[in-house]
Structures are given as C-alpha cells and as structure tokens.
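Following: one structure in structure tokens, then a few remarks.
The values are calculated or read from the model by the stated rules, or taken from the named source; none is laboratory data. Model, not experiment: these values are computed from the prediction. Glycine gets a Cβ as well: all are built from the backbone with ideal geometry, and neighbour counts include every protein chain shown. Side chains included, ligands, DNA and RNA excluded: accessible areas come from the protein's heavy atoms. Shrake-Rupley method; radii C 1.70, N 1.55, O 1.52, S 1.80 Å.
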Amino acid sequence: MPLLMGCGGGYRLLFRFSACRCIALVLLMPLLSGAACSREVVSSVDRLKRLATALKEAEASTQPSSSLVPIAGQGLLEVPEGTRFVPAEQTRAFLESLGSSPDFSVMGMIISQNFYTDPDWMVVINWKEIGFVDEDRLKNLSIRQITRSIEKVVATQNKIRQKTGLPALHLKNLLLSPRYDTVTHSAEYATDWTIEGLDREGVLFSHDFIGRSGILSFNFIAMARPLEAIYPITDPITQRFSYLAGHNYSDFDPAHDRRASYAHDIAFPSWQKTGYSLMTAAALYWLKRRRDKKSS
C-alpha cells in the first residue's frame, strides 16, 4: 500500500502501515509536505526510511516498567509503572534519524507505555562527564547568562539544521528559571520554543543531577503544556534515579577529582543536544490532531 506518491508518481514509498512506520511518517510530515519535486523529495523519503528503521529497532529493544537499568555506569534507574525504557544505542539512532549529529552523551530515553501507537512525550537521558560542578557556582548564575548560552548553542544548531533541510528552532520564553535543590543536588528549568513553519510551540523541561564527575540530565520533550501537567510525568522518573556509591556529589575528592571549567556553559548541558528533538514534539501533536479528526 503506497504511503507517499509525488511528482506525478515519480517517487513512491512502498511499505505497509505498522505502528512505528506510521509514527515515522508523522514525524517527517512537515518536511514531506513542503518538499519540491526534486532531490529534496528523495532526501525526505530516505530520511523517512531511516526513521522507520530506527523506530522499529527502538521498539524491539524497549524494556518494560519495573526494569532496573544502569545509566552510564554512574547510577541506577527503576523504570516507573506506565513507562518504558529505550537503551542508549537505539535512542541515539532515533535522534540521529531526526537530524541530530551523533551524541554519545545520550544514555537512553523513557517513553509512555503506549508510545509506539499513541506518542505524546519523551524523556531523553544525557550524561556529561565534565568534572565536578560546585553547586555554589550554579546558584549565582543569572537568567541572562543562561539565556545567552542557550541562544548561542541554538544558533549553531540551526545552521546545521538548515544544511540538512530541517526547520529552525527559536527560544521563546524561559518558563521556569533554574532553581537548585541543595538536598538532592539537582536543578530544574523549562523553556518553550517555536518551530519554524509550524503553528504550535514545544516545551523542554530538564531536571539535572550533579554527580562526582559530571551531570546527568532528564529532558522532557513535548508540545507546550503547563508545568503542572509535566511534573506528574517527570517526578516518578527522577525520583527513581540514584547515583551509585562513590559517584554522588558528596563523594567528591578535591585532592584527586577534576573540576568542571565554566559553570555558565556546562551547568545545563541538555540545551546543546536536546533542542532538535522538539521536532518530535511537533510530530506527536500532528498525529494526535489527525486521530482526533478521524474519531470525530
């Protein structure tokens, strides 16, 4: 059954609807619908095939609720009820199929139980081994410093996205100014974004945990929604992560351990590698809207 026919039938994508391939089509719909009758269409179709393969492999590797999964050799995460875990390799392949450059800081992602049939959100896990970050330095960061750091990174990413035919992302607001918890040695913050060519905004909410030798980040990605709707999803995940003995913030040894260099650049590393995934959020919205129309 053909999924796509364009340019007078010149290009055809011939594979049947399965759960992951349907999602793959949805994720690339903004690109396919705007492609001209040229090599851009071929590129879009190739990208679609790659994404379909990545989703199929992710689905095959997904681990169920209550699994106890190691994260980067630093800690353990118990997968909460109603969610599933996708390992690092398959998560990276999925993100790269969306246009990301290879990123070995990605350690996996948490998705909803029914993500492959009804996607809504995802939580990407990143580990950055940047050295010990003194929490006192984080407390003194200004909103201006953080915003400028984000915008600098996004401008670089958008140049890459433009070359690969992907729409640009633009920071709209800092929804939640970074706030640090000295008990859990963690920071949380949130922004909303506009995606060029689409009429909806995406949200990125991050919860970062400082360890002895770096920062582990849980990055919630979805279409824009209020913070009170995000916490019920992220809290059960972040509350089930713990560093292994010897890797905690309190295990830092000033005589032997390396310290991180610039707090304002590395305190919130998820900006650098997760912003492009907001395209996923846009696609999830498109799929839900399409299903709502069918059911009405």
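Given I125, I143, I111, which one is open to solvent by 30 Å² or more (accessible area, probe 1.4 Å) and β-branched (V, I, T)?
Details: I125 fails: open to solvent by 30 Å² or more (accessible area, probe 1.4 Å); I111 fails: open to solvent by 30 Å² or more (accessible area, probe 1.4 Å).
The conditions single out I143.
Among the residues in the range 239-247, are any open to solvent by 60 Å² or more (accessible area, probe 1.4 Å), at pLDDT 85 or above and of a type in the set (S, T, N, Q)? Let's see the steps before the verdict.
As a first pass, look at the range 239-247 and keep what is open to solvent by 60 Å² or more (accessible area, probe 1.4 Å): 239-240, 242, 244-245.
Now drop any that are not at pLDDT 85 or above, which leaves 239-240, 242, 244-245.
Keeping just the survivors that are of a type in the set (S, T, N, Q) gives 239, 242.
Yes, because at least one residue in the range 239-247 is open to solvent by 60 Å² or more (accessible area, probe 1.4 Å), at pLDDT 85 or above and of a type in the set (S, T, N, Q).
Tell me which of these A260 doesn't satisfy, since it passes every other one: (1) closer than 26 Å to V86 by Cα; (2) buried (at least 20 other Cβ atoms within 10 Å of the Cβ).
(1)
For residues in the range 146-196 being of a type in the set (D, E) and within 30 Å of H247 (Cβ to Cβ), which is most open to solvent (accessible area, probe 1.4 Å)?
Step one: list which residues in the range 146-196 are of a type in the set (D, E), which gives 151, 181, 188, 192, 196.
So of that shortlist, the ones also within 30 Å of H247 (Cβ to Cβ) come out as 181, 188.
Details: D181: 64, E188: 26 Å².
Filtering first and then ranking leaves D181.
Pick from L32, L48, L13: which is over 30 Å from N248 (Cβ atoms), at pLDDT below 80, in contact with a strand residue (DSSP E or B) (Cβ under 7 Å, 6 or more places away or on another chain) and open to solvent by 10 Å² or more (accessible area, probe 1.4 Å)?
Values: L48 fails: open to solvent by 10 Å² or more (accessible area, probe 1.4 Å); L13 fails: open to solvent by 10 Å² or more (accessible area, probe 1.4 Å).
The unique qualifying residue is L32.
Of the residues D235, D192, which is among the charged types (D, E, K, R), under 19 Å from S112 (Cβ atoms) and outside any loop (DSSP other than H, G, I, E, B)?
On the way: D192 fails: under 19 Å from S112 (Cβ atoms).
Answer to the check: D235.
For the range 197-213, check the following and say yes or no: at least one residue is surrounded by fewer than 19 Cβ atoms within 10 Å (Cβ to Cβ), within 20 Å of H247 (Cα to Cα) and polar (S, T, N, Q).
no
Which pairs have Cβ atoms under 6 Å, sit 6 or more apart or on different chains, and link a residue in the range 195-223 that is in a strand (DSSP E or B) to one that is among the charged types (D, E, K, R) and open to solvent by 30 Å² or more (accessible area, probe 1.4 Å)?
Correct list of pairs: I215/K128; M223/R200.
The conditions are (1) surrounded by 23 or more Cβ atoms within 10 Å (Cβ to Cβ); (2) closer than 21 Å to I210 by Cβ, and G131 fails exactly one of them. Which is it?
All conditions pass for G131, except number (1).
Taking the condition of being within 18 Å of K128 (Cα to Cα) and either open to solvent by 10 Å² or more (accessible area, probe 1.4 Å) or touching a residue at least 60 places away in the same chain (Cβ under 8 Å) (or both), how many residues in the range 51-95 meet it?
The number of residues fulfilling the criteria is 13.
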